[in-house]
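Worksheet: the structure to be examined is printed underneath.
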């Protein structure tokens, strides 16, 4: 099962990656375009989302409707998402349609019509999306948490701010596309069933003549507030908390991942056991690693009724801190098996592989093999994880709550 | 791909699809037990029982169960719907036998009073969590209104009141009625040894006694009522529409799925071009939900209060147009491509395959290959969809809206 990663770099710097998967009839591809929320100028929070919609409203010779019909005609399962650093645009599809699909995506990225009359609905949808977050407190707590936790502008809301979206103009959005759709820094990946030579040939024709260039990484500012409460007369208090840890390229990365797994890797992990199984405080409780290139954290969510909110927060932060006091051999073994198993289970999905190899390249400048990741996980131990936790304890938290009651943050 | 099937003497069906090129395997127990099998007094018991199965057996504590799954790196969980409770795990092939043994043991749980008392709090937290999610809340309320008192409209979670009143004795009694071996299917998909799974099934499940769990089925629902409820903390209008459709056993289910995709797929559908593309609504989708003996088309739309009247007007016109002119050849072709590629992608994962394998046995009592499903989708004609529209007029919908206060 030793997988091989195909790689080719276009003359303008655009990186093409691929991983062939046996026994599948589908392919998945994605473009990481360096125009994520944190990469955009001040005052334009939310522009990335508007742009990710607008560019699909007509491109090349096709009107918005014709383009949509052409994409649907290929049976594409499209995905567009805005992250801190990149806009990710891609699809999963039957392998035979890959060439045609790439041609259409070439149009979208290079020759979007960007008509004024199509800008308004794209912007309006983004504004409505921000408003709709108010009716989804669990999601909103995560958005706000990243805003407060990360040094500015890394955690900037990928949904945007209503005031900034309202003042965004088509002209300004065109400028942002011109400045940030930097194909020399774009990463393209494909996984599943495909012919890499054919893909490279087609991508060369589409993108090689396009702009190379380098964008400056954003200068980092201060972090936000340690505690933020948003009043909402809902049924639960939605608690989000984050604490700082190492980044994916740092020495102790695998130790951090194993530590989070001990905390929240399964139903026998500490948070689930202490918060839900023993005390019945929550239904939804979990923590996971969240890493960016310039900073990273462990993020945790718990939803509970108001009377239990304080106890829930106290038990959760207590478990984060208790991790440094000792971990058993058995816990470490379960954590390692869990991480390795999840790695292999995810490697069966073309979308998840296409995303995985692009993400690796973006973070590390290379693609890790599954074998390497397994070995690094295997290389951790009780001593290495507890040693890491002594050097980098989970002690300071950024907390956000949404609900009818505030909590006291120690 | 190789299909395997065995039936134990007590009626438990074991269905397997072996795929040697998979890197993992998935196993699941599919139990015909859901909220439609409950009375009002015990509403929520199927789902609560699903939680209680994780609490272990006479020999296994809850912690031991969780550790046993986690030691094998299993991605395991369960879900409960109106009609089924499904327990599943995806694992590396070398662990499938042990994980199947574990699930087999858990299907005869201890249902201890002390676990029941603690888990009641967790269930009530889950109910509270969904109350804060209007997109879910409105669907559940609409189901209740649509089925107008028929058990198919029962809430899966139950209410805080029904859960408060539920006793462990009532749960044991319900378990005794629904978890009969001949009311369950054990399914496996991916890379595994068939004979080993059959042996585990015989050892673990062979002694369970068969009895008739039963269920009354038939075409039900469609009150056609309309209701709006206000909640002070909401900012958007959350609209759910439901109208009758074909049953899970009906061959026309493929036509019904394609119709739902044409009307309300996330992109490229009539809802998309009529509502989302024009920024009238930020979300507008329709799904076809096939059930035992009945079925329904379910739409969910979220928009501003200013737009909701116009949105309903546009939806009305879409339904009118479908009733008078049906669907076009070109939109059917696109919908087929999307539905087929979704089938291909989903079934490349053992976990995705498991779900179809299990439910095909639960509803149809037979095996269907992915290729059969794809051919059935490809074979649907504009006329087939026309006949579904004619029999199940989308205009006769039941409507529930959750939205902000309109006073002052």
Which order, highest average first, do A:143-151, A:164-172 follow once you tally other Cβ atoms within 10 Å for each residue and take the mean per peptide?
A:143-151, A:164-172
Using a 7 Å offset from the Cα along the Cα-to-Cβ direction at both residue B:212 and residue A:408, what is the distance between the two label points in nm, to one decimal?
6.3
Both in Å, the radius of gyration and Dmax of the C-alpha trace of the range A:5-207 are 17.3, 50
Order B:180-186, A:130-136 from most to least packed using the mean count of other Cβ atoms within 10 Å.
B:180-186, A:130-136
State whether the range B:118-202 is rounded, prolate or oblate according to the following rule on the C-alpha gyration tensor (a ≥ b ≥ c being the square roots of its eigenvalues): a/c under 1.5 gives rounded; otherwise a/b larger than b/c gives prolate, and the remaining case gives oblate.
prolate
Length gained if residue B:251 through residue B:98 is fully extended, taking 0.36 nm per residue and subtracting the Cα-Cα distance, is 51.3 nm
Compute the normalised compactness of the range A:261-393: alpha-carbon radius of gyration over 2.2 N^0.38 Å, N being the residue count.
1.16
If a/c stays under 1.5 just call it rounded; otherwise compare a/b with b/c (prolate if a/b is bigger, oblate if not). Do that for chain B, with a ≥ b ≥ c from the square roots of the Cα gyration tensor eigenvalues.
oblate
Of the DSSP beta bridges with both residues in chain A, give the percent that are antiparallel, rounding to the nearest 5.
80
Can you quote the Å³ per residue value for the convex hull of the Cα atoms in the range B:24-86, rounded to an integer?
93
Spacing of the two label points (7 Å from each Cα toward its C-beta) at residue B:379 and residue B:9, in nm:
4.0
Which value in deg cm²/dmol, rounded to the nearest 500, describes the helix-derived mean residue ellipticity at 222 nm for the protein assembly as shown, given -39,500 (n - 2.57) per DSSP H run of n ≥ 4 and division by the residue count?
-13000 deg cm²/dmol
Relative to chain A, whose Cα atoms define the longest principal axis, helix A:170-180 and its Cα axis are tilted in degrees, nearest 10, by 80
Rounded tilt (10° steps) of A:350-364 against the dominant C-alpha axis of chain A:
80
Note the per residue figure in Å³ for the convex hull of the C-alpha positions in the range A:8-75.
153
Exposure proxy order (Cβ contacts within 10 Å, fewest to most) of B:291, B:1
B:1, B:291
Bin width 10 Å, alpha-carbon pairs only: give the P(r) of chain A as whole percents, running from 0 to the bin holding the largest distance.
5, 20, 28, 27, 16, 4, 0
Ascending count of other beta-carbon atoms within 10 Å, so fewest first, for B:23, B:338, B:207
B:207, B:23, B:338
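Averaged over B:54-62, how many beta carbons belonging to a partner chain fall within 10 Å of each residue's beta carbon? Present the calculation step by step, with values, prior to reporting the outcome.
On the way: counts 2, 1, 0, 0, 0, 0, 0, 0, 5.
The per-residue average across the peptide is 1.
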Which angle from 0 to 90°, rounded to the nearest 10, does the C-alpha axis of helix B:370-379 make with the longest principal axis of chain B?
20
Within 10 Å of the Cβ of an average residue in A:130-137, the count of other chain Cβ atoms is 6
Sorting B:354, B:92 on the 10 Å Cβ count, fewest up front, what's the list?
B:92, B:354
Other chains' Cβ within 10 Å of A:331-341 residues: what's the mean?
4
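Is the protein assembly as shown best put as rounded, prolate or oblate by its Cα gyration tensor, with a ≥ b ≥ c the root eigenvalues, rounded for a/c under 1.5, and otherwise prolate when a/b is larger than b/c, oblate when not?
It is rounded, given that a/c, with a ≥ b ≥ c, falls under 1.5.
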Kirkwood hydrodynamic radius for the range B:2-205: how many Å is it when counted over pairs of different Cα atoms?
17.8
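Every read-out reported here was derived from the displayed coordinates using simple, explicitly stated rules and does not represent laboratory data. Values in this document were obtained by computation on a predicted structure and should not be read as measured data. Here the Cβ is made from the backbone with ideal geometry for all residues, glycine too, and neighbour counts use every protein chain on show.
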